[in-house]
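The values are calculated or read from the model by the stated rules, or taken from the named source; none is laboratory data. Here the structure is a predicted model, which means the values were calculated and not measured. Using ideal geometry, Cβ is built from the backbone for each residue, glycine included, and neighbour counts are taken over all protein chains shown.
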Amino acid sequence: MSDVVTPQPSDPRDGLGSDPAGSDGVVEDGLHHPRREYSATELHLLHEVTTMALYLSLSLLAVLIALPTANPAEDNRFQEGLTVLITGIGLLLAHHVAYRMSSRLVNQGLLTESSRHAMKAQALGGLPVAVLASVPVFVLGEDPGEDVAIFLLLALVLGVGYRSARFSARPIRALAYTALLVLVVAAVVVVKLLTHH
């Protein structure tokens, strides 16, 4: 007579660790931070968007800091705002041309579909930053428009800096890294103020 094996009821807890990403594609890293899982293409495009946003933010911070001190007797908001906007768009177009040329160089004269998507992602990351930096100057004038624009760009850079540091460090270290960025930018602003007084 053969042995009969009675099937045991399955434990609902079984298999909980079989899908690290879960049904919604969210995993936790070593520090227990929820992290969305992206495809390789999504990661590449997100990288392009973020890089261009940071690049233009830092570049336009330098432009705004280098602008001469506003003259209270004159209203040059349109000229100064247009300078910031055109500079941002010009930097974006220069990067676009360089990226297109290098893509054709490495792909035997072809502009691949992935390269086109990357350039669209770069525009998506860069154009809003150029607008963000120029609108306060258009609306509020040079003073306090330039200061507001500097604050907004700095907030963007620091936000990304804190978030990126938070993935690999404890909150206190991430805050320390962010504070260091604040000090560096603040020092540059102070130098600018001192050189105009």
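With the structure loaded, tell me whether LEU46 is in contact with a Phe, Trp or Tyr (Cβ under 7 Å, 6 or more places away or on another chain), assigned to a helix (DSSP H, G or I) and closer than 22 Å to VAL160 by Cα or whether it fails that test.
yes
Cβ-Cβ distance below 9 Å, separation of 6 or more or different chains: which pairs start in segment 106-117 with a residue that is closer than 18 Å to LEU46 by Cα and in a loop (DSSP other than H, G, I, E, B) and end on one that is at pLDDT below 85 and not basic (Lys, Arg)?
none
Is it the case, given these coordinates, that LEU61 is among the hydrophobic types (A, V, I, L, M, F, W, C) and modelled with pLDDT under 50?
no
State whether the residues of segment 121-138 include one that is of a type in the set (A, V, I, L, M), more than 23 Å from VAL160 (Cβ to Cβ), outside any loop (DSSP other than H, G, I, E, B) and without any contact (Cβ under 8 Å) to a residue 60 or more places away in the chain.
no
Of all residues in segment 72-102 being at pLDDT below 90 and hydrophobic (A, V, I, L, M, F, W, C), which is farthest from LEU140 (Cα to Cα)?
Within segment 72-102, the match that is farthest from LEU140 (Cα to Cα) is ALA73.
Does at least one position in segment 142-155 carry a residue that is surrounded by fewer than 19 Cβ atoms within 10 Å (Cβ to Cβ), more than 20 Å from the chain's Cα centre (by Cα) and at pLDDT below 85?
Among the residues of segment 142-155, at least one is surrounded by fewer than 19 Cβ atoms within 10 Å (Cβ to Cβ), more than 20 Å from the chain's Cα centre (by Cα) and at pLDDT below 85, which makes the answer yes.
Can you say whether THR83 is in a loop (DSSP other than H, G, I, E, B), on the phi < 0 side of the Ramachandran plot and either touching a residue at least 40 places away in the same chain (Cβ under 8 Å) or not acidic (Asp, Glu) (or both), as far as the supplied structure shows?
In short, no.
Listed residues LEU31, LEU56; which is modelled with pLDDT of 70 or more and either in contact with a Lys or Arg (Cβ under 7 Å, 6 or more places away or on another chain) or not in a strand (DSSP E or B) (or both)?
LEU56
Residue by residue through segment 152-166, note down the ones that are free of Cβ contacts under 8 Å to residues at least 40 places away in the same chain and within 16 Å of PRO136 (Cβ to Cβ).
LEU152, ALA155
Please go through segment 159-176 and give me each residue that is assigned to a helix (DSSP H, G or I) and either at pLDDT below 70 or closer than 23 Å to ALA66 by Cβ (or both), ordered by number.
Scanning segment 159-176 gives VAL160, GLY161, ARG166, PHE167, SER168, PRO171, ALA174.
Can you confirm whether segment 105-126 contains a residue that is on the phi > 0 side of the Ramachandran plot and not hydrophobic (A, V, I, L, M, F, W, C)?
yes
Any residue at all in segment 109-129 that's farther than 23 Å from THR51 by Cα, exposed (fewer than 12 other Cβ atoms within 10 Å of the Cβ) and at pLDDT below 90?
Within segment 109-129, one or more residues are farther than 23 Å from THR51 by Cα, exposed (fewer than 12 other Cβ atoms within 10 Å of the Cβ) and at pLDDT below 90.
If I ask for residues that are closer than 18 Å to LEU58 by Cβ and β-branched (Val, Ile, Thr), which ones from segment 110-135 would you list?
Those that are closer than 18 Å to LEU58 by Cβ and β-branched (Val, Ile, Thr): VAL129, VAL131.
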